Amino acid sequence: MKIVTADVVVTSPNRNFVTLRLVTDDGLVGLGDATLNGRELSVVAYLREHVVPLLIGTDAARIEDTWQFLYRSAYWRRGPVTMAAIASVDMALWDIKGKAAGMPVYQLLGGASRKGLMAYGHASGADLPELFDSIRHHQELGYRSIRVQTGVPGLTKIYGIASQSRPAEAGAERYDHEPAQRGALPAEEDWDTRSYLRHLPGVFEAVRHEFGPDLPLLHDGHHRMTPVQAARLGKALEPYDLFWLEDCTPAENQEALRVVRQHTTTPLAIGEVFNTVWDFQGLIREQLIDYVRAASTHFGGISPLRKVMDYAAQYQIRSGFHGPTDISPVGFAAQLHLGLAIHNFGIQEYMQHGERTNRVFDQGMTFVDGHLHPGDRPGLGVELDVDEAGKFPYETAYLPYNRLADGTVHDW
Ligand code: EZ4
Ligand code: CO
């Protein structure tokens, strides 16, 4: 079972996606997601120039050995570009192994530990009425858990507020309600942490009052607070029983979580920008987090994500894999298979891909009564229509960024 072809497919149906497509000498096709939002072509070059030549002629059955070879032989370890490239190889090899075995990947990972994966959707609104409508809309779509993001008085453009509240924005609906936008330059947003901290607890109080105590509610702080600010917010939100507070401080400084943890029992989730198990080492060992937010696509694939989840299991830390639309249907399927198999699954973020994306990627997964299932097709269960993909060439797109009122660049 040797790899005979390795193509890197770039397509932009609703947004840019980078997919590695491996073919073996016995005709099996394996897909892997290598999409790095806003920096897609750097991974394309990494794969085409440096990885594809190493794959041709190698044994597709050797997933772990190939992973270790790509990680260790490069000498330059970690980083989002490297790890997205390795992730795509890892996923494609798991896909091939599943197809060779005639089994869905979750069976190869130990079989199902549950009937389905509880998913959460993104509700948002510029004000409370808009937010309540958005929560109801998500409940109608089938979601049983909801992330709540809201406008802040005095700020005009902020993270996580879906484009329906900004209909004039060019191309917004073409971009799956995600923060990235097509264009030559990144959009600029504004931010003020004190206004946000004053406003947010009242929003959660109102949401609890309207929707009752049962509905699991989540919130994403998007790396914007200092440790003390995050500690205060966690404390202020305790009465509203959040499922988690995500990315409350910038992820590089893991010590910050110690300060936050000392002051609040609001559960903490972090790691959507982490690349390796090393990024979680101290956070798991010191029990500073409750949920692992890594995505298979940015973490080197299924193999290392399973390792970090096994480590986390010893500390009762559960999964909450990153699932925005910039994870392609292939990367999403990869983490659904893993989530179904591991014992310490927590929740799965699920933003739905656009209609054009669903035509390019035919998916075997289902979403029923708030729960996802990867399906029972052999492998990952996703097929790429290469001709359809070719209709949507790459378009330059950037994530936005933040400035404070005085013009200082801030974390976003
Ligand atoms: O901003 O995926 O929890 N989800 C998020 C996402 C990220 C984008 C970045 O590519 O924070 O919306
Ligand atoms: Co996030």
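Side notes on the structure shown:
- Boolean, D310 is over 18 Å from the mean Cα position of the chain (by Cα) and of a type outside the set (V, I, T): yes
- Set V260, V273: member being in the same structural domain as G160 (by TED's automatic domain parsing), buried (at least 17 other Cβ atoms within 10 Å of the Cβ) and free of Cβ contacts under 8 Å to residues at least 60 places away in the same chain: V260
- Selection count, the range 326-347, where residues are more than 16 Å from I289 (Cβ to Cβ) and either surrounded by fewer than 24 Cβ atoms within 10 Å (Cβ to Cβ) or among the acidic types (D, E) (or both): 4
- For the range 223-253, taking the residues that are in a loop (DSSP other than H, G, I, E, B) and among the hydroxyl-bearing types (S, T, Y), the one that is farthest from ligand 1 (Cβ to nearest atom) is identified as T226.
- For the range 142-158, filtered to residues that are touching a residue at least 40 places away in the same chain (Cβ under 8 Å) and hydrophobic (A, V, I, L, M, F, W, C), the residue that is farthest from P216 (Cα to Cα) is L155.
- Residues that are modelled with pLDDT of 95 or more and either of a type in the set (G, A, S) or part of a strand (DSSP E or B) (or both) do occur in the range 200-209.
- Of everything listed in (1) farther than 30 Å from G407 by Cβ; (2) crowded, with 19+ Cβ neighbours inside 10 Å; (3) of a type in the set (S, T, N, Q), the single unmet condition for S124 is (1).
- Residue in the range 26-35 that is at pLDDT 95 or above, farther than 26 Å from R77 by Cβ and assigned to a strand (DSSP E or B) present: yes
- Residues within the range 185-197 that are more than 16 Å from ligand 1 (Cβ to nearest atom) and loosely packed, with under 14 Cβ neighbours inside 10 Å, tallied: 2
- Per-region count, the range 3-28, residues hydroxyl-bearing (S, T, Y), free of Cβ contacts under 8 Å to residues at least 60 places away in the same chain and touching a Gly at 6+ places or on another chain (Cβ under 8 Å): 0
- Boolean, G38 is part of a loop (DSSP other than H, G, I, E, B), in contact with a strand residue (DSSP E or B) (Cβ under 6 Å, 6 or more places away or on another chain) and over 14 Å from G331 (Cβ atoms): yes
- Residue that is nearest to L242 (Cα to Cα), among those in the range 273-285 that are in a loop (DSSP other than H, G, I, E, B) and touching a Phe, Trp or Tyr at 6+ places or on another chain (Cβ under 9 Å): F274
- Among (1) assigned to a helix (DSSP H, G or I); (2) under 18 Å from the mean Cα position of the chain (by Cα), the one test that R356 misses: (2)
- The set of residues from the range 314-353 being within 16 Å of ligand 2 (Cβ to nearest atom) and assigned to a helix (DSSP H, G or I) comprises G331, F332, Q335.
- If you go through the range 211-222 and pick out every residue that is assigned to a loop (DSSP other than H, G, I, E, B) and buried (at least 22 other Cβ atoms within 10 Å of the Cβ), you end up with 1.
- Scanning the range 293-308 for residues that are in a loop (DSSP other than H, G, I, E, B) and either more than 16 Å from ligand 2 (Cβ to nearest atom) or under 21 Å from P227 (Cβ atoms) (or both) yields a count of 3.
- Considering residues of the range 80-97 that are surrounded by fewer than 24 Cβ atoms within 10 Å (Cβ to Cβ) and in contact with a Leu (Cβ under 7 Å, 6 or more places away or on another chain) only, the residue nearest to T66 (Cα to Cα): K97
Every residue, every condition in (1) within 15 Å of ligand 2 (Cβ to nearest atom); (2) of a type in the set (V, I, T), yes or no:
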| position | (1), (2) |
| --- | --- |
| H199 | no, no |
| V203 | no, yes |
| P213 | no, no |
| T249 | yes, yes |
| E255 | no, no |
| A269 | yes, no |
| L283 | no, no |
| Y291 | yes, no |
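- Pairs with Cβ under 7 Å, 6+ apart, first in the range 168-195 and under 20 Å from H222 (Cα atoms), second aromatic (F, W, Y) and at pLDDT below 90: P179/Y159; Q181/Y175; E189/Y159; E189/W412
- Take the conditions (1) crowded, with 24+ Cβ neighbours inside 10 Å; (2) assigned to a helix (DSSP H, G or I); Y311 misses just one of them, which is (1).
The values are calculated or read from the model by the stated rules, or taken from the named source; none is laboratory data. Just so it is clear, the model here is predicted, and its values are computed rather than measured. Cβ coordinates were reconstructed from backbone atoms using ideal geometry, including for glycine residues, and neighbour counts include every protein chain displayed.
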